[in-house]
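The values are calculated or read from the model by the stated rules, or taken from the named source; none is laboratory data. These numbers were taken from a predicted model, which means no experiment stands behind them. Here Cβ is always computed from backbone atoms with ideal geometry, including for glycine, and neighbour counts include all displayed protein chains.
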Amino acid sequence: MKPLILLAPSEDKAPGGKPGLLPETPAQRWVREKLHELVVHAPEAAQRKAFDVKEALLEKAKAEALALHGPVPRLPALQRYTGVAFGALDATTLPKAAWKQVYVLSNLRGLVRGDELVPPYKLKLTGVPGLKAHWQKALPPLLEKLPVGAVWALLPNEHADFLKTWDRPRHTAEIVDGRGKAISHWSKLYRGKLARWILEHGEGDPKKVAKAKLEGIKLEGLTPNAFGGMELRMVVLA
């Protein structure tokens, strides 16, 4: 059984892609319509908050949102997302079959497999009223359809909340510095490194993952987590 990785989306995204229509579920349509409503009717301050862009890039973000009703540039998720975690994952150097083992919890599209097509967009999780609650309700039925295999939910808290009502056991990672203090932003880098190792080795068993050799990181063992799985303690070396 192949291990599965759950990742949060990144703010940074590659431009371009092959134009075409995207399939749309009712849950995805709800987000697109709310986004359209925001662009057409909301004040500029609310739009800037939703897209989290500087004023010079606001028009581009709005144009991308309005374009979602028709053909859009499309790239596979693991090419579209280019943030720190995805840079460390470096999916372009992995076999394409491994892309099917990665799932991104997209603010726009919901549960997106690594090889599924994603348009260019900007959207903060707090940008549209009710967005987080929407995905908390819509995602569990999709998660139930995931293939068998060990699940590593390598997510920040805000996206981990999407899984609250999902009862499938899953493994997690705690990322701390040498003093035991939780690392926030750069935790993305180490989640990406861990995901890379799991996919490269095809190994999701926590006991075996805990023996991995990762540059700049010391693995300090496993403890049971609150989700029926194990939590791997990762200490970032100075």
Q) Which of the residues belonging to the stretch 181-207 are without any contact (Cβ under 8 Å) to a residue 40 or more places away in the chain, under 19 Å from LEU155 (Cβ atoms) and part of a helix (DSSP H, G or I)? A) SER187, TRP197
Q.
Given the criteria of a type in the set (Lys, Arg), surrounded by 11 or more Cβ atoms within 10 Å (Cβ to Cβ) and within 22 Å of the chain's Cα centre (by Cα), does LYS13 qualify?
A. yes
**Q.** Selected residue [crowded, with 19+ Cβ neighbours inside 10 Å, among the aliphatic types (A, V, I, L, M), at pLDDT 95 or above and within 18 Å of LEU4 (Cβ to Cβ)] from VAL148, VAL118, VAL112
**A.** VAL112
Q) What are the pairs, 6+ residues apart or on separate chains, where a residue within the stretch 208-219 that is without any contact (Cβ under 8 Å) to a residue 40 or more places away in the chain has its Cβ under 9 Å from a residue that is surrounded by 12 or more Cβ atoms within 10 Å (Cβ to Cβ) and hydroxyl-bearing (Ser, Thr, Tyr)? A) LEU214/TYR190; GLY216/TYR190; ILE217/TYR190
Q: Report, ordered by the first and then the second residue, all pairs with beta carbons closer than 6 Å, sequence separation of six or more or different chains, a first member in the stretch 47-73 that is in contact (Cβ under 8 Å) with a residue 24 or more places away in the chain, and a second member that is among the hydroxyl-bearing types (Ser, Thr, Tyr).
A: GLU64/TYR121
Q | Filter result for LYS137 (in contact with a helix residue (DSSP H, G or I) (Cβ under 9 Å, 6 or more places away or on another chain), without any contact (Cβ under 8 Å) to a residue 60 or more places away in the chain, among the charged types (D, E, K, R) and over 21 Å from GLY192 (Cα atoms)) | A | yes
Q.
Tell me whether the stretch 220-237 contains one or more residues that are out of contact with any helix residue (DSSP H, G or I) (no Cβ under 9 Å at 6 or more places or on another chain), assigned to a strand (DSSP E or B) and among the β-branched types (Val, Ile, Thr).
A. yes
(Q) From the list ASP167, ASP161, exactly one residue is at pLDDT below 95 and touching a helix residue (DSSP H, G or I) at 6+ places or on another chain (Cβ under 7 Å). Which is it? (A) ASP161
Q: Could you grab me the full set of residues in the stretch 80-97 that are touching a residue at least 60 places away in the same chain (Cβ under 8 Å) and under 19 Å from LEU155 (Cα atoms)?
A: ARG80, TYR81, THR82, GLY83, VAL84, ALA85, PHE86, GLY87, ALA88, LEU89, ASP90
